[in-house]
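Visitor: Below is one structure. I have some questions about it.
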Amino acid sequence: MKREEHLAKIDARKKPWDVLIIGGGASGLGAAVDAASRGYRTLLLEKYDFAKGTSSRSTKLVHGGVRYLQNGDVSLVIEALKERGIMRKNAPHLVQDLSFVIPSYDWWNSPFYGIGLKIYDMMAGNLGLGPSTLLDRDEAIALIPNVKKKGLRGGVIYHDGQFDDARMAISLAQTAENQGASLLNYFSVTGMNKENNMINGVQAKDELSGKTYSIEAKVVINATGVFSDEVIQMDQRYAKKRIVPSQGVHIVLDKRFLSGPHAIMVPHTSDGRVLFAVPWNGYVVVGTTDTQIKEALVEPIAQEEEIQFILDNAGMYMTTPPTRNDIKSVFSGLRPLAAPENDGSATKEISRHHKVIVSTSGLVSILGGKWTTYRKMAEDIINTAQSVGGLPERGCITHNLPVHGYDYNSDWTNPLHVYGVDIDKIIKLEPEGNTSLSKEVHLTKNQVIWAVREEMAMTVEDVLARRTRVLFLNASESLILAPTVAAIMGKEMGKDSSWIATQIENYTTLTQNYLMK
């Protein structure tokens with residue numbers, strides 16, 4: 001993906017785009033893949049970077065949702081389990097099977113969850129990843145040696161999926177481009193164009209050059225997640241709010257807190273949620289929280305009580321309880337929950353189902369949803385957009401559409417596996433560019449060059465936060481690497497020392513939200 005080439009396509013286009021998508025997260029990128037693969041002339045505009053918000057800040061799970069089953073939301077579980085299987089089939093280099101152990105300290109817990117998870121397996125059908133099994137005490141300890149052993153009676157093991165959310169987003173952007181879509185990051189929509197009270201395009205601005213545009217489109221899709229209300233109110237100033245933002249915080253620990261390849265699922269936290277401790281890229285991600293917030297920020301900030309909640313609840317199940325000093329990085333994401341009819345609902349009780357709504361002026365908005373169901377959300381969005389925009393009727397083909405980089409024989413022990421079939425191209429960029437720049441995380445010079453040349457990375461943050469996951473794994477190490485990354489990018493992009501210095505300064509400021517003070 002080369003940004004200048006996509007800019008040139010906007011300048012060259014004289015006719016309206018068939019589909020214009022606002023937002024470059026999971027739902028927007030999924031919609032771009034779907035629309036372009038149906039043959040619609042598709043343009044996606046993202047104000048910041050692809051997956052800058054919620055879509056890079058998940059628990060890294062592709063799952064049906066054991067908790068949703070617990071809440072009785074059977075239809076969502078069935079849909080998510082089906083989509084989990086499709087996602088793994090279409091992106092085997094990005095999605096893998098991960099086994100979860102639920103430790104049990106009460107005699108009735110194992111049979112209770114065992115029965116529930118058998119139902120979970122049954123719902124997955126032939127897209128299941130493996131059968132759930134009851135464990136005795138010794139088997140549970142063998143699988144998760146770091147589990148707290150006092151009072152342990154046994155447990156249950158079940159299977160779900162794991163992925164790298166930001167890398168999936170970048171791969172979807174590449175897939176959309178492969179299908180003919182045009183995509184731009186750092187390109188904001190500032191207003192709606194209308195004719196006879198119907199939307200026929202947008203006002204937009206290239207945030208890097210400052211140039212403004214008026215872009216025509218047959219249908220405009222609002223896929224901006226927690227910021228959906230802002231776009232809806234661009235269309236209809238006094239429209240009621242449709243989104244209830246909920247903050248989910250994760251902490252990242254050293255891998256010694258979870259030795260072995262299995263994750264832990266804590267079934268009962270002090271607020272009635274579940275908690276996960278998941279091995280990821282040589283570290284352990286622990287989360288999450290569910291805190292209703294009033295204002296959606298581009299960079300959400302973890303509250304002290306959220307961090308302590310995770311430490312306290314995780315510590316109840318670990319041999320060595322983690323402390324604040326053990327945290328390598330802390331990151332926060334905002335769930336774009338579709339507002340319920342009952343305003344008093346707690347966010348943990350609000351359904352994760354998605355909704356597609358259409359305004360009287362034709363703006364198509366996608367609300368709610370979750371990463372696992374991104375493909376189904378996109379299908380529903382484009383089915384609706386097809387009617388609103390008067391586009392020729394064409395069926396969805398993404399059930400069997402490989403995601404960019406598709407590699408069925410992907411070697412997950414290779415830290416570059418997320419690039420799939422592009423690995424060889426990255427390795428060949430510069431012969432001396434394949435040695436990791438750090439002992440704490442895997443990051444090579446060639447990965448930085450590739451991010452700039454092929455993945456539309458425009459800032460140091462783009463590289464360290466989303467093209468690679470250094471910021472999310474080890475924030476302090478990412479600060480050490482930032483000057484080196486800035487220098488590599490500056491040379492590749494033809495930037496001067498002033499640009500490099502500004503990038504380092506901006507990144508240093510950003511990183512403060514991810515470090516423990």
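Visitor: Listed residues 468, 511, 459; which is within 23 Å of the chain's Cα centre (by Cα), at pLDDT 95 or above, within 18 Å of residue 186 (Cα to Cα) and not basic (Lys, Arg)? Spell out how you get there, then give the answer.
Guide: Details: 468 fails: within 18 Å of residue 186 (Cα to Cα); 511 fails: within 18 Å of residue 186 (Cα to Cα).
Result of the check over 468, 511, 459: 459.
Visitor: Here is a check on your reading of the model: is residue 228 in contact (Cβ under 8 Å) with a residue 12 or more places away in the chain, under 30 Å from residue 474 (Cα atoms) and crowded, with 16+ Cβ neighbours inside 10 Å?
Guide: Values: in contact (Cβ under 8 Å) with a residue 12 or more places away in the chain: yes; under 30 Å from residue 474 (Cα atoms): no; crowded, with 16+ Cβ neighbours inside 10 Å: yes.
Judged against the criteria, residue 228 is not a match.
Yes or no, residue by residue, for (1) assigned to a strand (DSSP E or B); (2) out of contact with any Ser or Thr (no Cβ under 9 Å at 6 or more places or on another chain); (3) not assigned by TED's automatic domain parsing to the domain that holds residue 226:
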| site | (1), (2), (3) |
| --- | --- |
| 252 | yes, no, yes |
| 265 | yes, yes, yes |
| 270 | no, yes, yes |
| 273 | no, no, yes |
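Visitor: Anything in region 293-340 that is among the polar types (S, T, N, Q) and out of contact with any helix residue (DSSP H, G or I) (no Cβ under 6 Å at 6 or more places or on another chain)? List them, or say none. Spell out the reasoning first.
Guide: So in region 293-340, the residues among the polar types (S, T, N, Q) come out as 303, 308, 313, 319-320, 323, 325, 329, 332.
Listed by number, the residues that qualify are 303, 308, 313, 319, 320, 323, 325, 332.
Visitor: Give region 479-517 a look and list any residue that's in contact (Cβ under 8 Å) with a residue 60 or more places away in the chain and buried (at least 23 other Cβ atoms within 10 Å of the Cβ), or say none.
Guide: Just the residues of region 479-517 that are in contact (Cβ under 8 Å) with a residue 60 or more places away in the chain, to begin with: 510, 513-516.
514, the sole residue that qualifies.
Visitor: Here's a follow-up. Looking at residue 245, is it within 25 Å of residue 384 (Cβ to Cβ) and either assigned to a strand (DSSP E or B) or small (Gly, Ala, Ser) (or both)?
Guide: On the way: within 25 Å of residue 384 (Cβ to Cβ): yes; either assigned to a strand (DSSP E or B) or small (Gly, Ala, Ser) (or both): yes.
So residue 245 passes the test.
Visitor: Something else about it: Does region 248-266 contain any residue that is modelled with pLDDT under 90, acidic (Asp, Glu), within 29 Å of residue 326 (Cα to Cα) and in contact with a helix residue (DSSP H, G or I) (Cβ under 7 Å, 6 or more places away or on another chain)? Step through it out loud before you land on a result.
Guide: Step one: of region 248-266, the residues modelled with pLDDT under 90 are 258-261, 265-266.
Remaining after also requiring acidic (Asp, Glu): none.
There is no residue in region 248-266 that is modelled with pLDDT under 90, acidic (Asp, Glu), within 29 Å of residue 326 (Cα to Cα) and in contact with a helix residue (DSSP H, G or I) (Cβ under 7 Å, 6 or more places away or on another chain).
Visitor: Taking only region 186-227 into account, find how many residues are in a strand (DSSP E or B), farther than 18 Å from residue 358 by Cβ and of a type outside the set (S, T, N, Q).
Guide: 8
Visitor: I've got another one for you. Residues that are of a type outside the set (Ser, Thr, Tyr) and farther than 30 Å from residue 9 by Cβ: which strands (runs of 3 or more DSSP E) entirely in region 93-184 hold 1 or more of them?
Guide: Numbers: elements: 95-104, 133-136, 154-163, 182-184.
Correct list: 95-104, 133-136, 154-163.
Visitor: Looking at residue 307, is it surrounded by fewer than 21 Cβ atoms within 10 Å (Cβ to Cβ), over 19 Å from the mean Cα position of the chain (by Cα) and among the β-branched types (Val, Ile, Thr)?
Guide: On the way: surrounded by fewer than 21 Cβ atoms within 10 Å (Cβ to Cβ): yes; over 19 Å from the mean Cα position of the chain (by Cα): yes; among the β-branched types (Val, Ile, Thr): yes.
Judged against the criteria, residue 307 is a match.
Visitor: Now for a different question. Specify the residue that is nearest to the chain's Cα centre (by Cα); the eligible residues are those in region 355-382 that are in a loop (DSSP other than H, G, I, E, B) and under 19 Å from residue 236 (Cβ atoms).
Guide: So the residue we want is 363.
Visitor: Still on this model: Step by step: first the residues of region 383-434, then only those that are part of a helix (DSSP H, G or I) and among the hydroxyl-bearing types (Ser, Thr, Tyr), then the one that is farthest from the chain's Cα centre (by Cα). Which residue is that? Give the derivation first.
Guide: So the first thing to find is which residues in region 383-434 are part of a helix (DSSP H, G or I), and the list is 383-388, 398-400, 417-427.
Cutting the leftovers down to among the hydroxyl-bearing types (Ser, Thr, Tyr) gives us 384, 387, 398, 419.
On the way: 384: 24, 387: 29, 398: 19, 419: 16 Å.
So the residue we want is 387.
Visitor: Moving to a separate point now. Just the residues that are surrounded by 14 or more Cβ atoms within 10 Å (Cβ to Cβ) and more than 18 Å from residue 377 (Cβ to Cβ), please, taken from region 395-416.
Guide: 402, 404, 405, 406, 407, 410, 415, 416
The values are calculated or read from the model by the stated rules, or taken from the named source; none is laboratory data. Predicted model, so just to flag it, every value in this text is computed and none were measured. Positions of Cβ are backbone-derived with ideal geometry, glycine not excepted, and every protein chain shown enters the neighbour counts.
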